[in-house]
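Q: Submitted below is the structure of interest, expressed as structure tokens.
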Amino acid sequence: MSVEAAPPQPAEGVVMWNINTTCNYRCSYCTQRFLDDRTRWARDTPQFLAGFRRLPGRWEVKISGGEPFLHPTLIEIVAALAQMGHRVSVVTNFSASEAKLDQFLAAAGSALRVFSASLHREYVRTEAELTAFIEKARRVAAQLPAGGTLNVTCVATRRNLPELPALARRLAAAGIRFKTQPEKQNRDVIAYTEAERSQLLALGGHSGLGVIAPSFQGRLCWAGASAFTLDDRGAAWRCYPARRYRREYLGNFLDGTFTLFDGARPCQYAYCNCAVPIERGLMAR
């Protein structure tokens, strides 16, 4: 069987950096809730920044956690990345104060690419809280640089799912893109009923990809060469599934053992829990 050709190597790489495990939320569906230590954070800011300076070309550094706005040097890191010429994206539970959000937006400046605000209905319960969340999102969207985008994501739990179509319409009316994410337990998508699967697919499936559990197994992908995941201790893997299975380790970003692949390689995983490879052109659509 012939292997599908890879697209041209992307001009811009992507680092998916889990900057900490610390979070002020404890969502029932969180895939990190069983971590032994929920207080870790990337402590050696100068060494991490030195690692980003060594990367060839320009990269989008997609910062998540935990909750990245709890990281004590987040603003310093973002400002330095922007100064290096890299771009910055962030995934946040959106609980940070408006003052902290303004600091982030100022530090990122024109380097900001994607601002992803996660709506957790276990913490945004009431109508007043939901209205405040949406207004806060509109406020951030109004400050984005040219080319920057904002989206709101929500996990499609069985409890949330019936409410999501109305939420999607409400966000669309506010000019905000909405994405659903399937609920995972033990890191795998839950066994939705056929009716629930139809509802979720009508909302776009996983992050708007039109499927619930994406699989790219066997397809050539630039992850590992033009993309990698990075944790708060500096450990780097080809992608999130690789990190899950502890395969395709790229070394440590901080100690000189980190190396990138020299080209595209076939995906080894039957389930990809991340939309970055397909959205960022790391593989053919």
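A short reminder: the numbers here are calculations on the coordinates, not readings from a lab. Remember, it's a predicted structure, so these values are computed and weren't measured experimentally. Methodologically, a virtual Cβ is constructed for each residue, glycine included, from the backbone with ideal geometry; neighbour enumeration extends over all protein chains shown.
Q: Among Ala236, Ala270, Ala108, determine the one that fluctuates most according to a GNM of the chain built with springs between C-alpha atoms less than 10 Å apart.
A: Its mean-square fluctuation being the largest, the pick is Ala270.
Q: Moving to a separate point now. Taking mean projected area of the Cα convex hull in nm² straight from the coordinates, which label in [x] 20.1; [y] 14.8; [z] 13.3 is the correct one?
A: [y]
Q: Can you compute the helix-only [θ] at 222 nm over the chain? Use -39500 (n - 2.57) per DSSP H run of at least 4 residues, normalise by all residues, nearest 500 deg cm²/dmol.
A: That comes out to -7500 deg cm²/dmol.
Q: Where both partners of a DSSP beta bridge lie in the chain, what percent of those bridges are antiparallel, to the nearest 5? Before the final figure, lay out each step's value.
A: Numbers: 10 of 40 bridges.
Bridges in the chain are about 25 percent antiparallel.
Q: Between region 225-285 and region 189-224, how many Å separate their Cα centres?
A: 19
Q: Could you calculate the contour length gain from Ala132 to Ser198, that is, 0.36 nm times the residue separation minus the distance between their Cα atoms, to one decimal place in nm?
A: Contour length minus Cα-Cα distance gives 20.8 nm.
Q: In nm, to one decimal, how far is the Thr31 label point from the Glu163 one, both placed 7 Å along Cα→Cβ?
A: Distance between the two pseudo-spin positions: 2.3 nm.
Q: For a label point 7 Å from the Cα of Ser215 along Cα→C-beta, name the residues of region 245-285 whose backbone N is under 11 Å from it.
A: Within reach of a label on Ser215: 269-272.
Q: In region 157-281, with Lys and Arg counted as +1 and Asp and Glu as -1 at Cβ, which of these residues, Leu167, Tyr249, Ala227, has the Cα nearest the positive end of the dipole, that is, farthest along it?
A: Leu167
Q: Here's another thing I want to ask about it. Using alpha carbon centroids, what distance separates region 166-181 and region 85-119, in Å?
A: The two parts, judged by their Cα centres, are 19 Å apart.
Q: While we're looking at this one, here's another question. What shape does region 1-153 take by its C-alpha gyration tensor, where a ≥ b ≥ c are the square roots of the eigenvalues and a/c under 1.5 counts as rounded, a/b above b/c as prolate, and the rest as oblate?
A: Numbers: a/c = 1.41, a/b = 1.36, b/c = 1.04.
Note, shape of region 1-153 comes out rounded.
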